[in-house]
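The values are calculated or read from the model by the stated rules, or taken from the named source; none is laboratory data. The model shown is predicted, which means the values in this text are computed figures rather than measured ones. Neighbour counts run over all protein chains shown; Cβ positions are idealised from the backbone, glycine included. Surface areas here come from the heavy atoms of the whole protein model, side chains and all, with no ligands, DNA or RNA. Shrake-Rupley method; radii C 1.70, N 1.55, O 1.52, S 1.80 Å.
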Amino acid sequence: MNRNKLRPFAAAWIVSLLLAVAPAALGQFNNTQTQTQNQNPNTALRSVPSGSKMKFRGVVITRDADVFTIRDRSRADYQVVITDNTSIKTNGGFLRGGKKYPVTDILRGLIVEVEGRGNNQGQLVADKIRFNESDMRAALTTDTRVGPVEANQERMAGQMDELYAVAAEARAEVKAVNERVSALDDYDVQNNVAVTFKVNSAVLSPEAKQQLDDFASKVNGAKAYMIEVAGHTDSTGSDAKNFRLSQQRAEAVVQYLAVQHKIPLRRFVTPMGYGKTEAVADNSTPSGRSQNRRVEVKMIVNRGMNQTSTPATSSTAAPTRP
């Protein structure tokens, strides 16, 4: 049998062999593609198989140091790594050598053609980067126009952050002032003393004077305070007499503190005599009646005046007495 008669059989055998091998090759390709997609759940950023040589064309959409992202016509994104060995040139030129460009000239908006191999991170390590001179001029124009706009946006964003901070501080100060105003009718008792009197007497005893001296020493140096004085009697005697006597006892205490300790009269709340209406002990016993013949003296501080504005930068600063 001559060679011409064997050729049809050889061609048929080769075709059969290709048909047998093709499914396996296609299956291997599909497996590789599936693995690549599984390794990169982010469908916007495609992974380059490690060691695979690739070449594609697209536009630079982001740039960060020695890594930039390129988007091809299918809108697939790839990360490209630039090394010291990467050749960056324009297409054409004298003897088709092209013009060299530094790494810093890879700008956003530049249309480039990249050739390289994949690394372990799914990035393409570029061996060559090529682009047209006209595309470079267009990218430079875009960067010149867009750059100042982005810088102005960042500056305005910083100013807005500052304005928000100032507004927050102002709101905090207004809140503090409102709290102080709301607390103007609230008082805290800082010091108090109760002095007692003899039956039918509004004269201060030596013991009572000593108690008032101690009280006055605590008042000295205080600010934004008032002194409340309330006189009382036991149940003996008429109501009219007891009201009059309790008022005399309260005024005796005010006179002693004002004259002996120079406490201004403006610091005193109008002294009040309550007669026998507010007993603190049993009037049926001598001991109880002795406790009821008393004058209660209280140093009160306005809660609103005693507060200080809390700095907006700190919510834990303890208030100090003004």
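On the full set of protein chains, 1.4 Å probe, figure out the accessible area of residue 272 and give it in Å² to the nearest 10.
Taking all protein chains as shown, residue 272 has close to 90 Å².
Could you sort 163, 107, 45, 212 by accessible area so the largest value comes first, with the probe set to 1.4 Å?
I get 163, 45, 107, 212, largest accessible area first.
For the pair residue 121 and residue 258, how long in nm is the line joining their label points, each one 7 Å along Cα→Cβ?
8.5
Sorted by accessible area with a 1.4 angstrom probe, largest first, how do 188, 64 fall?
64, 188
When we measure straight from the Cα of residue 198, which lysines land under 24 angstrom away, once same-chain ones fewer than 8 places off are left out?
Residue 198 reaches 209, 241, 276, 298.
Using the Karplus curve 6.51 cos²θ - 1.76 cosθ + 1.60 with θ = phi - 60°, work out ³J(HN,Hα) for each residue of region 204-214 in order, rounded to whole Hz, and write x for Gly and Pro.
With the stated coefficients, region 204-214 comes to 6, 7, x, 5, 5, 5, 5, 5, 5, 4, 4 Hz.
With Cβ to Cβ distances under 11 Å as the rule, what net charge do the other residues near residue 296 carry (K, R +1; D, E -1)?
Charge balance in the 11 Å sphere: +1.
Let me cross-check residue 83: its accessible surface, 1.4 Å probe, with only protein heavy atoms counted, in Å² to the nearest 10?
Solvent-accessible area, nearest 10 Å²: 50 Å².
When all protein chains stay in place, what accessible area (Å², nearest 10, 1.4 Å probe) is found for residue 117?
About 120 Å², ignoring ligands and nucleic acids.
Setting aside same-chain residues fewer than 8 positions from residue 175, which lysines have a Cα under 25 Å from its Cα?
223
So which lysines pass the test for residue 55, namely a Cα distance under 22 Å, with those fewer than 8 places away in the same chain ruled out?
Here the lysines satisfying the reach criterion relative to residue 55 are 89, 99, 100, 128.
Nearest 0.05, what FRET efficiency do residue 101 and residue 163 give at R0 = 45 Å with Cβ-Cβ as r?
Working: r = 42 Å, r/R0 = 0.93.
Rounded to the nearest 0.05, the efficiency is 0.60.
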